[in-house]
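Read the structure below first, then the notes.
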Amino acid sequence: MFAVGTAGILAAAGLATLSATSGTAAGATKASGTTESAAAASTLGAAAAEKGRYFGAAVAANHLGESQYASTLNTEFNSVTPENEMKWDAVESSRNSFNFGAADQIVNHAQSRGMKVRGHTLVWHSQLPGWVSGLGTSDLRSAMNNHITTVMQHYKGKIHSWDVVNEAYQDGNSGARRSSPFQDKLGNGFIEEAFRTARAADPNAKLCYNDYNTDGQNAKSNAVYNMVKDFKARGVPIDCVGFQSHFNSNSPVPSDYQQNLQRFADLGVDVQITELDIEGSGTAQADNYRRVVQACLAVSRCTGITVWGVTDKYSWRASGTPLLFDSNYNKKPAYNAVLTALGGTSGGGGEGGTKACTATYSPAERWGDRFNGKVTVTAGSAAISDWTVTVATRSPQRISTTWNGTASWDSSGSVMTMKPSGNGTVAAGASTSFGFTVMANGEWATPTVTSCTAS
């Protein structure tokens, strides 16, 4: 988790195209608002599990004694991340003197209920005891490796994924490493050393690099991408990349969010949405949450989502009401949007419940300089009166013609939003379709359906 006030505006960039989507035949891409059935799950964790993923929450040990907090956590989530209890200042406030009490409380709570646990975080410039910063180079290296080894071995076999190194890159356009005691004294090699030490400490845990403002393609995410690519090429042990995904009006969900997750997955690592919260309320917040969940479901190596807290009441951004449960533990429209996107059903309020759609791309005619595509929009278990589908192409492709809908484009010209040109009503389980012609301009990548929303 990053410090308050560091969220920046993510740069909009050209879109890459999804190379494969989970559960979709080759040559087609699919975005889903729901895949409901009579036996659909009714909680976030259960619905995510049916998709082969986890849905977790950041947890504070001192709130576990609150009945509504614990009940909501136990009912809805199947993975937990200690919010602060595993950070360096909490477990090793003085050198080689470890205190795991609060972290153990969370881990024991999770394990007793069959929940998974993410470890957060081993090496981070923030929430670092003063004694660490005062060490010389040799002592700092020894202390870093000892901290990683001791903490990971204490929880060996209990943690599914560890944030080994957190937030090592600067914001902005430089793509440079952040100044920290580790960077300044140990140099660029400290991240590799941390991951090699972590692999030796617990060979079965997934080892992640975690950062913020890397959710779209920009200088910072490119720097992380290049590091991961280099690590994979040289055999440095890295299994996953965490995307914190703290969003607000100044730092919105980027248009290339799914494509960015996919390009990291294509390097051979899992991707995880590790600290999701989205400031806002009502339909707008619900739509943003839906987009994030749909993006994860469309990337086969996106293994799970963690929201950064259970209730708005205890959120680090409480004034922005960024979570799925309000301060009274009521389910918000965003909750129902997430559950529906995961394929679950809810009798809960605010979102119209079961209205949803899926959109599937299929190739059509192809010529020497262009090709046609068709998108089929299918209503879920309830009739819908309107729908909106977004389709991403890869630059320098351009869509020249559309039919059976009204199209608009984002500023890059690479993301098309299609709406009905007239009556948007589709009966429960029924389908409609629209089509378009893509001028290839030498790029023949398959367009990606990135979302389908219904009302």
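For the peptides 62-75, 139-152, residues were scored by their other Cβ atoms within 10 Å and the scores averaged per peptide; the highest-first order is 139-152, 62-75.
Leaving out ligands, DNA and RNA, what percent of the accessible area of region 332-452 is carbon and sulfur, probe 1.4 Å? It would help to have the intermediate numbers written out before the result.
Values: 2230 of 4680 Å².
Answer for region 332-452 is 48 percent, counting heavy atoms of protein chains only.
Amide H contacts for residue 59 (H built 1.01 Å from N in the peptide plane; partners 5 or more residues away or on another chain; cut-off under 5 Å): 81, 83. Ordering of 225-236, 251-262, 50-61 by packing is 251-262, 50-61, 225-236, highest average first (other Cβ atoms within 10 Å, averaged per residue). Scalar couplings 3J(HN,Hα) for region 329-335, obtained by applying the Karplus form with A = 6.51, B = -1.76, C = 1.60 to θ = phi - 60°, are 6, 6, 6, 8, x, 4, 4 Hz; x denotes Gly and Pro. For residue 331, the aspartates and glutamates whose Cα comes closer than 14 Å to its Cα, not counting residues fewer than 8 places off in the same chain, are 76, 312, 351. Largest accessible area first, the residues 409, 124 order themselves as 409, 124 under a 1.4 Å probe with ligands, DNA and RNA left out. At what distance in angstrom do the alpha carbon centres of region 253-291 and region 417-450 lie from each other? A separation of 22 Å, based on Cα centres. Using a probe of 1.4 angstrom and keeping all protein chains present, the accessible surface of the chain works out to 36 square angstrom per residue. You can think of it this way: the chain between residue 248 and residue 364 has 37.9 nm of extra reach, that is 0.36 nm per residue less the Cα-Cα gap. Cβ-Cβ distance of residue 133 and residue 403, R₀ of 56 Å, FRET efficiency by 1/(1 + (r/R0)^6): the value works out to about 0.35.
Between the alpha-carbon centers of region 58-78 and region 101-120, tell me the distance in whole angstrom. Cα centres, region 58-78 to region 101-120: 11 Å.
Go through 116/158; 156/185; 51/419 and tell me which ones have a Cα-Cα distance over 18 Å in this structure. Beyond 18 Å: 156/185; 51/419.
Across region 286-302, rounded Karplus estimates of 3J(HN,Hα) from the backbone phi angles (6.51 cos²θ - 1.76 cosθ + 1.60, θ = phi - 60°) give 4, 4, 5, 4, 4, 4, 5, 5, 4, 5, 4, 5, 7, 10, 4, 8, 7 Hz, Gly and Pro being marked x.
Amide H contacts under 5 Å for residue 176: 170, restricted to partners 5 or more places along the chain or on a different chain, H placed in the peptide plane at 1.01 Å from N.
Of the residues 172, 130, 155, the one whose Cα sits farthest towards the positive end of the charge dipole of region 120-187 is 155 (charges of +1 on Lys and Arg Cβ, -1 on Asp and Glu Cβ, taken about the Cα centre).
The values are calculated or read from the model by the stated rules, or taken from the named source; none is laboratory data. Computed from a predicted structure; not experimentally measured. Ideal geometry is used to build each Cβ from the backbone, glycine not excepted, and the neighbour counts take in all protein chains shown. These area figures cover heavy atoms from the full protein model, side chains too; ligands, DNA and RNA do not enter into them. Shrake-Rupley method; radii C 1.70, N 1.55, O 1.52, S 1.80 Å.
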